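Note sheet for the following structure.
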Amino acid sequence: MSIAKDCIGDILKACERAQKCNDILNGDLSKSDLAIQDILHYIEFEDINTVLAYAAVKKIKELRELRRKIKNELEPLQILLALLDLKALDNIKKKVDKRVEHQNDRIYTPRVLKNELYYDNASNQ
């Protein structure tokens, strides 16, 4: 068991989750922007009456409200991601894994008590 190994694993999972959420939200933001552009182009190129104009404005309002919710989620998430360097965290994980592996493979060779009875019995067991 290694607390450091578990912690860095948890941190990396949280970072990956944050990055995945960021990617999804950016995709949603792009879709809402494109939908708004579709409506604006419809207004630009079509002859529309008052009813269609009202429907277009209402749909733009809904899309803008959705866009605002997405941006409100993205802004603090992007601050977090700016502080987290996934490459650096991955390098830390590799160093922790290497250190834990080294600790598990370590063998001690006595320097002073080489010929003591304690070490003779321990090596015979």
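Out of the residues in region 13-47 that are among the hydroxyl-bearing types (Ser, Thr, Tyr) and under 30 Å from the mean Cα position of the chain (by Cα), which is nearest to Ile92 (Cα to Cα)?
In this case the residue turns out to be Ser30.
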Go through the residues of region 71-81 one by one and say whether even a single one is modelled with pLDDT of 85 or more and more than 30 Å from Asp6 (Cα to Cα).
yes
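The values are calculated or read from the model by the stated rules, or taken from the named source; none is laboratory data. All of these numbers come straight from a predicted model, not from anything done at the bench.
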